[in-house]
There are 2 protein chains.
Amino acid sequence: MSHFNPKTHRKFTIRAMKRSLETIEYQKNTEALAKFAKALGHPTRIAILKHLKNQSCCFTGDLVDVFPLAQSTVSQHLKELKNAGLIQGELKSPKIKYCINHDNWKIAKALFQDFF
Amino acid sequence: MSHFNPKTHRKFTIRAMKRSLETIEYQKNTEALAKFAKALGHPTRIAILKHLKNQSCCFTGDLVDVFPLAQSTVSQHLKELKNAGLIQGELKSPKIKYCINHDNWKIAKALFQDFF
DNA sequence: AAAACCTATCGTCTATTGGCGATAAACAAA
DNA sequence: TTTGTTTATCGCCAATAGACGATAGGTTTT
């Protein structure tokens, strides 16, 4: 190194620079738990799930009336919960009935119980 | 309405447009639960917490060796866990020792148990 | 005093999230 | 067939998240 500024120069001999393009390998269940947690990481989605637990099931429109949110926003949250596997939708024409996905709910519950 | 396109016109008489600038009021504990869940919503942070549970405590540098991430990235994740209250740091010169925040851990555990 | 070590923070970049209105699509009802 | 109802999706925008390198700042160690 012919040109280095002694004021800013640091030695990083021990810890080489990292770049995580190597896509980290996580422990068993870590990614699954994080995925569930991420879906739960918004108060509206928690509230939707609490609502679903009380009512056992409900329609999208019910939720739109409960929350001061646009219909498209509620639909988006439902989509995320569905993608995470926490709920499932069933066409009950002309509406769609959303319920807790009990199989995955048990899995999530077990993952959190095991974690804490 | 003198000028409306019949092809695109829809009536939205029943469900008025919403704008959530009114900052939603959530049920008790809903926001707290969502905040914890959000902090848990990344596999690296789950892995850090698992590590902390095994080791009971550890230093930032230990984690940087474990994960293929830059030191600044690990530090950022630790900051988020600290902001969520799940961990706490103690200056153990020249290092910083991070531990689970057991008080808040219990609170989080109870919130999730109650939720599931 | 200087060099080395450890961690936090800053600035930057890109990707994702969360909100909205408008529109599409599917179906029921008239 | 047309109209209405219900939900999902698209496009847009602002804000946040997640990664990085560089640097600052504090403490040892030499």
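The values are calculated or read from the model by the stated rules, or taken from the named source; none is laboratory data. This is a predicted model, so every value here is computed, not measured. Cβ sites come from the backbone with ideal geometry, for glycine too, and all protein chains shown count toward neighbours. The protein model used for the area step is the full one, side chains on, heavy atoms only, and it has no ligands, DNA or RNA in it. Shrake-Rupley method; radii C 1.70, N 1.55, O 1.52, S 1.80 Å.
How big is the gap, in Å, between the Cα center of region A:71-94 and the Cα center of region B:48-80? Value for the Cα centre distance between the two parts: 35 Å.
Using the Stokes-Einstein relation with a Kirkwood hydrodynamic radius computed over Cα pairs, the translational diffusion coefficient of region B:30-116 at 25 °C and a viscosity of 0.890 mPa s comes to 185 µm²/s.
Across peptide B:38-49, the mean count of Cβ atoms from other chains lying within 10 Å of each residue's own Cβ comes to 6. For the chain pair B and A, buried accessible area totals roughly 3500 Å², probe 1.4 Å, rounded to the nearest 100. Of all aspartates and glutamates in the structure, those lying under 17 Å Cα to Cα from A:K106, and not within fewer than 8 positions of it along the same chain, are A:E31, A:D114, B:D114. Across region B:22-77, Cα-Cα distances exceeding 12 Å account for 71% of all pairs. For A:Q27, inter-copy separations between label points set 7 Å beyond Cα along the Cβ vector come to 3.1 nm, shortest first. As a rough guide to protection, the peptides A:72-78, B:58-64 ranked by mean Cβ packing within 10 Å, highest first, stand as B:58-64, A:72-78. Charged side chains reduced to their Cβ positions (Lys and Arg at +1, Asp and Glu at -1) give region A:29-115 a dipole of some 60 debye around its Cα centre.
Other residues whose C-beta falls under 11 angstrom from the C-beta of B:H42 contribute a net charge of +2, scoring Lys and Arg +1 and Asp and Glu -1.
Here the spin labels are modelled as points 7 Å beyond Cα on the Cα-Cβ line, and at A:K53 and A:Q76 they lie 2.6 nm apart. Computed 3J(HN,Hα) for region B:72-87, one whole-Hz value per residue from the Karplus formula 6.51 cos²θ - 1.76 cosθ + 1.60 where θ = phi - 60°, is 5, 5, 4, 4, 5, 5, 4, 4, 5, 5, 5, 4, 6, x, 7, 9, glycine and proline marked x.
Ascending distances from the A:S56 label point to its copies in the other chains, with the point 7 Å along the Cα-to-beta-carbon line: 4.9 nm.
The lysine pair tally for region A:17-95, using Cα distances under 18 Å and a gap of 8 or more places or different chains, is 14.
Label points for A:S93 are taken 7 Å from Cα along Cα→Cβ. From this copy to the others they lie 7.7 nm apart, shortest first. Annotation: amide H of A:I87 within the under-5 Å range of A:K82, A:N101, sequence separation 5 or more or interchain, hydrogens built in the peptide plane.
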